[in-house]
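Okay, structure first, notes after.
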Amino acid sequence: MRANIASILARAGLVAAIALPGWAAPAASAQDKFPTRPIRMLVPFAPGGGVDVVARIVGKRLGETLGQPIVVESRPGGGGTVAVAELMRAAPDGYTLLMTTSAHATLPKIAKLAWHPSSDFSPIASIYSYVFVIATNAQSKSRFGTFKQFLDYVRANPGKINWGSSGIGGPQHLGGSQLVKVAGLDMVHVPYRGNAPMIQALLGDQVQIVFDTPTLVLPRVADGKLIALAVTGERRLAALPDVPTVRETRLVDFTYRGQIFVLAPKGMAAPLQTRLNREIAAALADKSVRDHLTGFGLDVPGAGENTVPALTRHIDEFKATYDKLITELGIEAQ
């Protein structure tokens, strides 16, 4: 009898072992069929800004390969906290994503939030690396038309020049504040709800200086409405071969480089996270997409370097560097 019971139990265990994969099959099947409806791509800036433009270019190609449209939704406000809050309320099922900037890493510090910028999310993939173009408007040419003239004018006229950013704690604010600190400048900071309205303010001379990605600056430089004074990278931009880097001028020892990347809610299944990483990398490898982005002066990562661990490392390193600056300057959300 004991032998029969043991045999029965053994067979039951075998049956259970065989049955378990069957129980997991619905989840696997759901992932295999993903996506079955449109995917939301949240952007924490106003429509028409650099990130919004790129989200639509990349989203179009990504939607074509996935077979479902990528719907870009602008959620400006709170330096990015509005968009992040919406992402955190969503399920980690791949249907809600966020395309944001490196400044995401400093939001908890600025806004005194409890979440961590990498471990409380599912990092997906980088979209591009960027530097800033330090630009002024054509109306300012009589005051300064080069980076040296800009520094001389501001130092001779403290508090007389306004500089714009995409919002408190945004990438332009962090990069601009860092240069202002390192160069010892006295300018008035004017935050906007995204870089599109910031550029409009520059064109209207409400502000006289901005630090912005090449995406929106280059077309205005080309038509003569803006003047590029310097770039913040380690090397000159191919699209602006006559514009020096800040460090190259030997007037200020300063560089700034950030990333645009995609996050999903915390808890996403690893296979889905890997698939989205792979699909985004493939979209970026598309010649039309890559030509668009590099044409804006953006540095698009290759598929081999565009990994979840690499993105996580960038977020954590950016947080460590700029949390210190935020403390030193006393930057707080408004």
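Observations
- Gain on full stretching of the segment that runs from Lys60 to Gln149 - 0.36 nm per residue minus C-alpha separation: 27.8 nm
- Taken along the Cα-to-beta-carbon direction at a fixed 7 Å, the label points for Asp223 and Ala303 span 3.8 nm.
- Amide H to amide H distances under 5 Å link Val72 with Met41, where only residues 5 or more positions off or on other chains count and H is placed in the peptide plane.
- For the range 264-280, 3J(HN,Hα) computed residue by residue from phi via the Karplus equation (6.51, -1.76, 1.60; θ = phi - 60°) reads 10, x, 4, x, 5, 4, 4, x, 6, 4, 5, 5, 5, 4, 5, 5, 5 Hz, glycine and proline entered as x.
- Taking a ≥ b ≥ c as the square roots of the Cα gyration tensor eigenvalues, the range 139-230 comes out oblate, since a/c reaches at least 1.5 and a/b does not exceed b/c.
- 1.4 Å probe accessible area per residue over the chain, in Å²: 44
- Amide H contacts of Ser166: Gln172, His173, Tyr192, each under 5 Å away and 5 or more positions distant or on a separate chain (H built 1.01 Å from N in the peptide plane; Pro and chain starts excluded).
- Shape category assigned to the range 243-334 from the gyration tensor of Cα positions, a/c cut at 1.5: oblate
- Considering only alpha-carbon pairs that sit under 8 angstrom and 6 or more positions apart, the relative contact order computed for the range 219-261 is 30 percent.
- Ligands, DNA and RNA left out, the 1.4 Å accessible surface of the range 77-222 is 52% carbon and sulfur atoms.
- Degrees between helix 2-33 axis and first principal axis of the chain (Cα, 0 to 90, nearest 10): 30
- 0 to 90° range, to nearest 10: angle between helix 308-329 axis and the chain longest Cα axis: 40
- Residues whose amide H falls under 5 Å from that of Phe121, counting only those 5 or more places apart or on a different chain, are absent, with hydrogens built in the peptide plane.
- Sorted into 20 angstrom bins from 0, the C-alpha pair distances of the chain split as 30, 50, 13, 5, 1, 0 percent.
- Angle in degrees between helix 171-183 and the longest Cα principal axis of the chain, rounded to the nearest 10: 40
- Ordered from highest to lowest accessible area with the whole protein assembly present and a 1.4 Å probe, Lys109, Lys319 read as Lys109, Lys319.
- By accessible area, using a 1.4 Å probe on protein heavy atoms only, the range 241-334 has 51% of its surface on carbon and sulfur.
- Pairs of Cα atoms nearer than 8 Å and 6+ residues apart set the relative contact order; for the range 190-272 it is 16 percent.
- Relative contact order (%) - criterion: Cα under 8 Å, at least six apart; region: the chain: 25
- Net length gained if the chain between His189 and Met88 were fully extended (0.36 nm per residue, minus Cα distance): 33.3 nm
- The phi torsions of the range 129-139, fed into the Karplus equation with coefficients 6.51, -1.76 and 1.60 and a -60° offset, translate into couplings of 9, 9, 10, 9, 9, 8, 10, 10, 9, 4, 5 Hz, rounded to whole numbers, with Gly and Pro shown as x.
- Flagged links, alpha-carbon separation over 31 Å, of Lys33/Lys60; Lys112/Lys225; Lys160/Lys324: Lys112/Lys225
- Only one residue of Gln273, Pro158, Leu42 has its Cα farthest out toward the positive end of the dipole of the chain, where Lys and Arg carry +1 and Asp and Glu -1 on Cβ, and that residue is Gln273.
- Rounded if a/c under 1.5, otherwise prolate or oblate - the range 135-174, Cα gyration tensor axes: prolate
- Phi to ³J(HN,Hα) by Karplus 6.51 cos²θ - 1.76 cosθ + 1.60 over the range 119-126, Hz, x for Gly, Pro: 6, 9, 9, 10, x, 10, 6, 7
- Rounded accessible area of Asp32 (nearest 10 Å², 1.4 Å probe): 120
The values are calculated or read from the model by the stated rules, or taken from the named source; none is laboratory data. These numbers come from a predicted model, not from an experiment. No Cβ is skipped: glycine too gets one built from the backbone with ideal geometry, and neighbour counts run over all protein chains shown. Note: accessible area is taken over every heavy atom of the protein model, side chains too, but ligands, DNA and RNA are not part of it. Shrake-Rupley method; radii C 1.70, N 1.55, O 1.52, S 1.80 Å.
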